[in-house]
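A short write-up of the structure that comes next.
Any read-out appearing in this document is the output of simple, stated calculations on the displayed coordinates, not a laboratory observation. All values derive from a computational prediction rather than experimental measurement. We place every Cβ from the backbone using ideal geometry, glycine too, and count neighbours over all the protein chains shown.
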Amino acid sequence: MKMNTIEEAIDDFKAGNFVIVVDDEDRENEGDFIIAAEKITPEKVNFMLKYGRGVLCTPITEQRCKELDLDMQVSTNTSLHGTPYTITEDLL
């Protein structure tokens, strides 16, 4: 498998292309489609949901969660890495 350089990834971001970022085999051992937020389109969201076969995630600050009154997905987070997911279907 060929890994691209950081510079190549930055060029792809600027061009509005997806970059697949993989984590360590000893962590979740998965890859994520990422794209610059200003380059996202409905078609690209659909691609991620169709081919990524997972959940669509976006970073958000704790303050913004409070402003939007987003509840945590679970009251007791037992995730191995403590990923703090929120529930957002009310926004759709």
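Some observations on this one:
- Which of 42, 1, 76, positive extreme of dipole for the chain (C-beta unit charges): 42
- Axis of helix 6-15 versus longest Cα principal axis of the chain: the two differ by about 80°, to the nearest ten degrees.
- Taking every lysine pair in the chain that is 8 or more places apart or spans two chains, those with Cα atoms closer than 23 Å amount to 4.
- Mean separation of Cα contacts under 8 Å, 6 or more apart, over the residue count of the chain: relative contact order %: 14 percent
- Sequentially through the range 34-41, phi angles give Karplus couplings (6.51, -1.76, 1.60; θ = phi - 60°) of 10, 8, 5, 4, 6, 9, 6, 9 Hz, Gly and Pro residues having no value and appearing as x.
- Cleavage-rule hits (GluC sites (Glu not before Pro)) in the range 1-53: DSSP loop, at most 14 neighbouring Cβ within 10 angstrom: 25, 28, 30
- Full extension of the segment from residue 10 to residue 71, taken as 0.36 nm per residue of separation minus the current Cα-Cα distance, would add 18.6 nm.
- Counting only DSSP H runs of at least 4 residues, each contributing -39500 (n - 2.57), and dividing by the residue count of the chain, the helix-based mean residue ellipticity at 222 nm comes to -8500 deg cm²/dmol.
- Working from label points 7 Å from Cα in the Cα-to-Cβ sense, the residue 22 to residue 60 distance is 3.1 nm.
- Across the range 1-58 the C-alpha pair distances fall into 5 Å bins from zero in the proportions 4, 17, 26, 24, 19, 8, 1 percent.
- Theoretical gain in end-to-end length, residue 51 to residue 80 [0.36 nm per residue, Cα-Cα removed]: 8.0 nm
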